[in-house]
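> Dumping the structure here so I can ask a few things about it.
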Amino acid sequence: MNTASTLDESAAAETATSSPDDTPSWKPLSADAYEQAAAQQVHFSCKTVNSNARGGGVRLTPDAALNLPYICARTHLATGQALATDYTVNSGSTATAVKQFRAVAKGDIAHAPQQEVTLIRDLLAQIAGSGLELALEPIDARLRQVLIPHPDAPHGYVSLTPITAGGVCEALLGREGLATRHNELASLKEPRAAADLIRIGRVQLGIGGANPQNVGALVRSMQRPLLAPAPTQQQGLRQALRVYHKGIELPDLRDFANELQALRAQHTQDEQIHSGIDYREQERALLQRLFNAVLAAGEEARSLLLAHAPQLPSAASEDGSASALISMQVASEVRGLILPELRSEDWPERIAARVLRALESAYSKQRGERVAIYVLDASARASTLRLLEDIAR
């Protein structure tokens, strides 16, 4: 079964069914009823997070408008268009009053008494021009909270409660919302109208339960959010970013450690190593192969960074030099291993010391315990280090 098509069909069925806003009738209400409904109009209602939470919420002031290329309540205010508000508690005639607020806002006043229309317009102006924080002291325990680090907070964190703005959902996802109209246009059979449009996936969420109007008038617009596919993993880029930030580990040197230890054992008699010319030549040849393996690992990392250079963090700010391919936080000898252009005068000493540490860290397991493979005394260590430095040069 095609889930997307099933969801779109359910959306069409939902659109075709009647809702409380469909009936053109007008129910006369008192001024007190309208004023009580206006007093609890908010952009963010706590009950949309948990229908059992205490009624409360936040209404933004006009100066909260934010002129940025994002879709949210504050940027919507910056467009100069009204952002729909909702009630926090559905009691008495609240839902009816809010329904008639919306009718007046849309200009659907054919059946409305002029006196009520005038009052509602005044109340809508008051709502649009003032902010409100309702029943937020203290925050209801049923509302989810997220701890965010903040340097000026008493204990280093502030607690935030994410709440969706129903008015934004209506503007995007409602029956006349941008996403809904987009999908309607994309569904047209005429190829010119729908040629470059792709239907936006939608899903069904059971916000509000069996009686969503008890949570809010805008809840139905929140029940059909957009469905975005998860980004596919780019393994190469992931590895490049890891190399950029952390460098690379040296390759596994256990095989080389075993060979070097075996060579020492062949030239050891009475616990004394006889390091003649033959031994030195074989030792140097082994260390040369070891160092070639280390250089190959650096070259492989370099190729990975070059392949993803435009996507590395410094690509936007650096001048394209080699230093832009790897973070300055990476050890200098590892930076030089990956990018030969960055090798300093003391790089041979630094990389030789790092390789020797890795060689001495190689281990085997005996009876469940780690045992070092290649153990050097101070004299042998100094000799091996000099050989590695010479090879690095």
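The values are calculated or read from the model by the stated rules, or taken from the named source; none is laboratory data. The shown structure was predicted, so the numbers you read here are calculated from the model rather than taken from an experiment. Here Cβ is always computed from backbone atoms with ideal geometry, including for glycine, and neighbour counts include all displayed protein chains.
> Looking only at the stretch 41-61, count how many residues are within 23 Å of Leu77 (Cα to Cα) and not hydrophobic (A, V, I, L, M, F, W, C). Steps first, please.
First, pick out the residues of the stretch 41-61 that are within 23 Å of Leu77 (Cα to Cα): 41-49, 56-61.
With the extra rule that they be not hydrophobic (A, V, I, L, M, F, W, C), the set shrinks to 41, 43, 45, 47-48, 56-57, 59, 61.
Here the count works out to 9.
> Is it the case that the stretch 182-191 has a residue that's touching a helix residue (DSSP H, G or I) at 6+ places or on another chain (Cβ under 6 Å), of a type in the set (A, V, I, L, M) and either surrounded by 15 or more Cβ atoms within 10 Å (Cβ to Cβ) or part of a loop (DSSP other than H, G, I, E, B) (or both)?
The answer is yes; a qualifying residue exists.
> Restricting the search to the stretch 354-380, which residues are among the basic types (Lys, Arg) and surrounded by 13 or more Cβ atoms within 10 Å (Cβ to Cβ)?
Arg354
> Next up: Scan the stretch 102-121 residue by residue and report those that are out of contact with any Phe, Trp or Tyr (no Cβ under 8 Å at 6 or more places or on another chain) and either within 24 Å of Thr88 (Cβ to Cβ) or not in a helix (DSSP H, G or I) (or both).
Correct list: Arg102, Val104, Ala105, Lys106, Gly107, Asp108, Ile109, Ala110, Arg121.
> I need the full set of residues from the stretch 86-101 which are assigned to a loop (DSSP other than H, G, I, E, B) and on the phi < 0 side of the Ramachandran plot, in order please.
Quick first cut of the stretch 86-101, residues assigned to a loop (DSSP other than H, G, I, E, B) only: 87-93.
Tyr87, Thr88, Val89, Asn90, Ser91, Ser93 - these are the residues of the stretch 86-101 that are assigned to a loop (DSSP other than H, G, I, E, B) and on the phi < 0 side of the Ramachandran plot.
> Sticking with this structure for a sec: Give the stretch 138-155 a look and list any residue that's loosely packed, with under 12 Cβ neighbours inside 10 Å and over 22 Å from the mean Cα position of the chain (by Cα), or say none.
Pro138, Ala141, Asp152, Pro154, His155
> Looking only at residues in the stretch 192-233 that are in a loop (DSSP other than H, G, I, E, B), β-branched (Val, Ile, Thr) and within 30 Å of Thr88 (Cα to Cα), which one is modelled with the lowest pLDDT? Talk me through it step by step, then tell me what you get.
Restricting attention to the stretch 192-233, the residues satisfying the condition of being in a loop (DSSP other than H, G, I, E, B) are 195-200, 203-211, 215-218, 223-225, 228-233.
After this cut, where a residue has to be β-branched (Val, Ile, Thr) as well, the list is 198, 200, 203, 207, 215, 232.
Still in the running and within 30 Å of Thr88 (Cα to Cα): 203, 207, 215.
Numbers: Val203: 90, Ile207: 83, Val215: 92.
Here the answer is Ile207.
> Turning to a different aspect of this structure: Please determine whether any residue of the stretch 148-162 is in contact (Cβ under 8 Å) with a residue 40 or more places away in the chain, outside any helix (DSSP H, G or I) and within 16 Å of Leu205 (Cβ to Cβ).
Step one: filter the stretch 148-162 for residues in contact (Cβ under 8 Å) with a residue 40 or more places away in the chain, giving 161-162.
Narrowing further to those that are outside any helix (DSSP H, G or I): 161-162.
Okay, now just the ones that are also within 16 Å of Leu205 (Cβ to Cβ), so 162.
Within the stretch 148-162, one or more residues are in contact (Cβ under 8 Å) with a residue 40 or more places away in the chain, outside any helix (DSSP H, G or I) and within 16 Å of Leu205 (Cβ to Cβ).
> Is it the case that some residue within the stretch 111-119 is buried (at least 20 other Cβ atoms within 10 Å of the Cβ) and in contact with a helix residue (DSSP H, G or I) (Cβ under 7 Å, 6 or more places away or on another chain)?
Checking the stretch 111-119: not a single residue is buried (at least 20 other Cβ atoms within 10 Å of the Cβ) and in contact with a helix residue (DSSP H, G or I) (Cβ under 7 Å, 6 or more places away or on another chain).
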